[in-house]
1. Determine whether B:Gly89 is under 17 Å from B:Val114 (Cβ atoms), at pLDDT below 95 and within 12 Å of the ligand (Cβ to nearest atom).
2. Any idea how many residues of the stretch A:160-202 are more than 14 Å from chain B (Cβ to nearest Cβ) and over 22 Å from the mean Cα position of the chain (by Cα)?
3. Consider only pairs whose beta carbons are under 6 Å apart and that are at least six residues apart or on different chains; among these, list those whose first residue lies in the stretch B:51-72 and is in contact (Cβ under 8 Å) with a residue 60 or more places away in the chain and whose second residue is within 10 Å of the ligand (Cβ to nearest atom).
4. Of the conditions (1) over 26 Å from B:Leu40 (Cα atoms); (2) part of a helix (DSSP H, G or I); (3) aliphatic (A, V, I, L, M), A:Ile89 clears all except one; give me its number.
5. Just the residues that are without any contact (Cβ under 8 Å) to a residue 60 or more places away in the chain and assigned to a helix (DSSP H, G or I), please, taken from the stretch A:163-200.
6. On the basis of being in contact with a helix residue (DSSP H, G or I) (Cβ under 8 Å, 6 or more places away or on another chain) and either within 23 Å of A:Leu70 (Cα to Cα) or at pLDDT below 95 (or both), does A:Ile180 make the cut?
7. Would you please name the residue that is nearest to the ligand (Cβ to nearest atom), looking only at residues in the stretch B:1-60 that are among the polar types (S, T, N, Q) and more than 14 Å from chain A (Cβ to nearest Cβ)?
8. Restricting to the stretch B:93-126, and then to whatever is aliphatic (A, V, I, L, M) and more than 8 Å from the ligand (Cβ to nearest atom), can you tell me which residue is nearest to the other protein chains (Cβ to nearest Cβ)?
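The values are calculated or read from the model by the stated rules, or taken from the named source; none is laboratory data. All values reported here derive from a predicted model rather than from experimental measurement. Glycine gets a Cβ as well: all are built from the backbone with ideal geometry, and neighbour counts include every protein chain shown. The protein model used for the area step is the full one, side chains on, heavy atoms only, and it has no ligands, DNA or RNA in it. Shrake-Rupley method; radii C 1.70, N 1.55, O 1.52, S 1.80 Å.
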Amino acid sequence: MNKSTSQGNDKLLIDVGSTYFKVSTADSIEQHFRDFNKDILDDLVHRCGDTIDRFDKDDVHICSSANGGLSTLIIGVTNSFSLKYATNIAFNSGINIIDTILYQNIEEYSIPSDLVDVVIIVGGIDSCAGIFNESLYNYLSQLNYSNVVFVGSEQDAPVLKQNIENIAILPNIIDNKLHIVEEHLKEYLTNLYQQDIEGKEDIKNLYDITANQIYSTPYIVNKTLPHIDARYSVVDPFILLDIGGATTDIHYSKDLVDDNLVTENEYDRMVFKKLGVYKSKQSLIFAAQNNEFVYELLMHLKVTENIFNEQSEKATRILMQLAIFLVLCKISHYRKAYINLKLLAINSIVLTGGITKVLTTEEIEDIVSFFYKKILTSDHKPVVVLDTNYDIWTLGAKG
Amino acid sequence: MKVVTGVVGNDIHVVANRLIDLSLRARGFEVFNLGVNTYLEEFFDAVVETGADVLLISSLNGEAEGWSREVKPLKAKYKNLDNLIMMIGGNLVVGSGDAEQIVPKYKNYGFDLVCHQIDLNTGLDWLEELIEKRNLK
Ligand code: B12
């Protein structure tokens, strides 16, 4: 087919997720469940080969959240500074956090059995020395990891370099005023993501159809948020929920946190691993069963617990509704998390991802107001906005 | 010598905090000022990250006592804060109060220097004396 149809700002945007992929052109958007018996590229070509053929490699932009992205384990010396700052940077770079370890208690933590893509070690301002010792090296010697990076006190860097093989040393993410410095670690992590993609056969093949760099989806979404009002009348402050198949992503306006974290981003991201409606369905159900309000919610939705054993469209809808409720619980003061958001100040809740194809605005509003009534005893009603056409991702992927 | 300072809890009285920052610097201290509205954990965490020798907390609006009761249990969770000099000042009770009762009470909460409605310069003189006594300088 003649490729002259692909001209001007006409681009093909592809988002590969853990459960389905989306293919968007200027005039249409398609969404397909992935066929896990096929390689991603084969699967894509099989479903949308004609569309892909119409575009020049330069005009194809791909982002991916498949495989859940990179995983990190963070070792830091305090909750309020080193761990919080590294967590923030990792989340904003589209990386998933397996665990955070408070260094002084490192001996009490169990060693994750899964391979960790990158270990981040952080602690101390540059004028503070001698923070780390044997206990760190011991822990690392038992851990299975691919990369390790140090972003703490420059005085400790040489010692760590001597004791930890292949450790990357970057400038401190905590400056002398105890403020966060993001750029170096962020760049390192996004580059690592590129290398990871290039190493994964499956995704690597996608470079056959694009001449552009493949980015992580949450990174793209986070970049778009300052421009979200180009598509929707979203009123700041807002949160954006991307309830996916394997994980749930939350992007939020910085105004929603009262914090010592002063970054240049207007929006930050956090992730709940294993809170998704397909791949992580079992752990979602487990989280639900451990939430004291869920039974009331099920009653409110006029179903019983048996719905968890069902495989039906209705069961999926209920799971999605539960996911919204659980995520809101997790970021509220009802549960102490990495960060609690001032949910009473939220003006809009934006939902993107597959959920927008399944639930209606009314159904989501219903859950949201149930949450506000039960958990926050408030009649607050933020406006619910559905990103049904994936405008947010399209906006971001266009760059 | 490094000092972490700030105003504890929900207190937003900022004037003293600015003066403390300036006075400490004038006396040659390296100051890490967490400002108003600072929670106890942030104070201790800042001490860990900076390797500070002194923690100087102020409280003006009457919240001091509630927070001070939390000091010992929280500090006990940290493994390397035994040599930290702990100092508190400002208005440590609601109303004027009696220093003879207030000081022992706050020492019992875990503070080495207690400056209830004490002039800043006097308080900082005490601090320097204590540092000298402990041979830190
Ligand atoms: C200005 C002021 C406010 C302003 C603060 C503006 C701002 N952002 O700073 C506003 C209007 C917001 C305010 C609010 C409130 N305030 Co007011 N405020 C004052 C006032 C009039 C002056 C404070 C000031 O700046 N003084 C100047 C500085 C330089 O002096 P200083 O704060 O006393 O600090 C000196 C010493 O205490 C000492 N010092 C301080 N810390 C330390 C630490 C050490 C280690 C040492 C050695 C010395 C030291 O050094 C300083 C210099 O000498 C005082 C009354 C007064 N005249 O002191 C009340 C006062 C502090 N406020 C008071 C109260 C109750 C409140 C409110 C609760 C009122 C209310 N009901 O809403 C709120 C609380 C708000 C909050 N979340 O904290 C009470 C506190 C009572 C108590 N502790 O028993 C006071 C004493 C008034 C009173 N007599 O009742 N306040």
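1. No, not satisfied.
2. Of the residues in the stretch A:160-202, 13 are more than 14 Å from chain B (Cβ to nearest Cβ) and over 22 Å from the mean Cα position of the chain (by Cα).
3. B:Leu56/B:Thr5; B:Leu56/B:Met87
4. That leaves (1) as the condition not met.
5. Matches in the stretch A:163-200: A:Asn163, A:Glu183, A:His184, A:Glu187, A:Tyr188, A:Asn191, A:Gln194, A:Gln195, A:Glu198, A:Gly199.
6. Yes.
7. B:Ser58
8. B:Val114
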